[in-house]
1. Tell me, which residue of the range 19-42 that is free of Cβ contacts under 8 Å to residues at least 40 places away in the same chain, open to solvent by 10 Å² or more (accessible area, probe 1.4 Å) and outside any loop (DSSP other than H, G, I, E, B) is nearest to residue 263 (Cα to Cα)?
2. Residue check: is residue 134 out of contact with any Phe, Trp or Tyr (no Cβ under 9 Å at 6 or more places or on another chain), surrounded by fewer than 19 Cβ atoms within 10 Å (Cβ to Cβ) and under 18 Å from residue 171 (Cα atoms)?
3. Looking at 164, 190, 144, 119 in this structure, which one is under 26 Å from residue 39 (Cα atoms) and open to solvent by 20 Å² or more (accessible area, probe 1.4 Å)?
4. Against the definition (on the phi > 0 side of the Ramachandran plot and in contact with a Leu (Cβ under 9 Å, 6 or more places away or on another chain)), how does residue 103 come out, yes or no?
5. Inside the range 223-240, can you point out the residues that are open to solvent by less than 10 Å² (accessible area, probe 1.4 Å) and in a loop (DSSP other than H, G, I, E, B)?
6. Give me the residue from the range 293-313 that is without any contact (Cβ under 8 Å) to a residue 60 or more places away in the chain and of a type in the set (Ser, Thr, Tyr) and, out of that set, most open to solvent (accessible area, probe 1.4 Å).
7. Sort out which residues of the range 44-78 are touching a Lys or Arg at 6+ places or on another chain (Cβ under 9 Å), farther than 14 Å from residue 1 by Cα and in a helix (DSSP H, G or I), and write them in order of number.
8. Restricting attention to the range 79-132, and to residues there that are in a strand (DSSP E or B) and among the aromatic types (Phe, Trp, Tyr), which single residue is nearest to the chain's Cα centre (by Cα)?
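The values are calculated or read from the model by the stated rules, or taken from the named source; none is laboratory data. Just so you know, these numbers come straight off a predicted model, no measurement behind them. Ideal geometry is used to build each Cβ from the backbone, glycine not excepted, and the neighbour counts take in all protein chains shown. To get the accessible areas, we keep the full protein, side chains included, count just its heavy atoms, and leave off ligands, DNA and RNA. Shrake-Rupley method; radii C 1.70, N 1.55, O 1.52, S 1.80 Å.
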Amino acid sequence: MRLASLKVGAEGRGRDGRLVVVSRDLAWCADAAAIAPTLQAALDDWDHCAPLLEGLAEGLEHRAVPRLRFHEREAASPLPRAYQWADGSAYVNHVALARRARGADMPQSFWTDPLLYQGGSDGFLGPRDPIPLGDPDWGLDFEGEVAVITDDVPRGISPEAALGHIRLVMLANDVSLRGLIPGEIAKSFGFFQSKPASAFSPVAVTPDDLAGRFAGGKLSGALEITLNGAPFGAARAERDMTFDFGRLIAHAARTRDLCAGTIIGSGTVSNLGADGGPGAPISEGGVGFGCLAELRAVETLRYGAPRTPFLAPGDQVRIEMRDDRGHALFGAIEQTVIAG
C-alpha cells in the first residue's frame, strides 16, 4: 500500500495534509478521509485503519472507487510534521571517510554503537518544495537517505522485535549546513542550527508492498541522485549498512517509548569502493555519493582540498529509487535551492 499527504489550504491551516491512497503506478489517488483524515491519525489507530486503507488501495487498483490524478508536486512529505524525527548514521563508511579526510581518529565504538541525533520535526519541506539558503557560507548540502515510520514502540525493545513496528518506508533528503556543523559539534551538545527542515519522498510504502525489497531491516535498490540533471549517486541502499533499521529503532527506544509516527532515518547512503576503499564518482565507473560532503572528502584525500562547491541558488537535486521495470517506488524528491 502506498500513502501520501496532499497539501491542504492556506499556510498554517491543514498543516498535516489530507491522507490519500496512491496507486502502484503513482498515477492515481483516492481520498482516505472516511478512514483517517491524516497519516498521523491512521498511525495512531493502525490496527483498525490499515485493513480499511488496504481495501481502499485494492479498490483504487480495480477502478472501483472514485479516483483523482496524483501529482507529486501537490504532495507534502508523507508526515508534513511528526512527533519525532531521529536520524542515524547507519552507513559508517560515510562517517569514517569524513573523519579520515579531516585527519580525525575513528572511535572503534562507531562500528558497534549507532550514532543518532534528534532533528527538528515540527515542519518538513514537501518533496518538490524549494530549499531556502540564507547565507552561501553556511555550506548547503543534500543527503540522500532511507527512512521508516513506526507505530508505538515500547522502551527497551530488541532489534529483532523492533522490525515488527515499521509501518512505512520512504526516502529522505536530510538537508545539512556543513559550514555550521563544526561549531555546533565543538559545543558537545548536538546539531540544531546546522540541520534545517528536511524533505521526504511524495509516497510512503508499506514494507509488504515493496516486492521483497525490504528485508532484514534494509531496503534494497540503488538510490539515484542527480545534481542539475547530471548523475551524482547510485549507491545501493542494502550494501555497507552497518546498522539495520531494527538496530536503529532499538537504539532510539533504549530508554524511552517511541510514539506512533516516529521517523527514523538511515543517514547518508554510502558504499565502499570496489577495492574496499573510498568510492568513486559515477563518471569514473563508481556508484557516486549520497551527499556533497562525501565527494568533497574524496577530493580532499586525492588532491589535498575539495574541488566541488556546496549548493547555491539555482541548483537542483533529485532523489529517487526505481523498481526492476524502471518505475519510481516512492516518487521523486526534486528540490531547487533559492536565496531566502
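1. Ranking the candidates gives 41 first.
2. For residue 134, the condition - out of contact with any Phe, Trp or Tyr (no Cβ under 9 Å at 6 or more places or on another chain), surrounded by fewer than 19 Cβ atoms within 10 Å (Cβ to Cβ) and under 18 Å from residue 171 (Cα atoms) - is not met.
3. 164
4. Working: on the phi > 0 side of the Ramachandran plot: yes; in contact with a Leu (Cβ under 9 Å, 6 or more places away or on another chain): no.
No: the conditions fail for residue 103.
5. 237 - this is the single residue of the range 223-240 that is open to solvent by less than 10 Å² (accessible area, probe 1.4 Å) and in a loop (DSSP other than H, G, I, E, B).
6. Per the criteria, the residue is 303.
7. Correct list: 72, 73, 74.
8. The qualifying residue nearest to the chain's Cα centre (by Cα) is 85.
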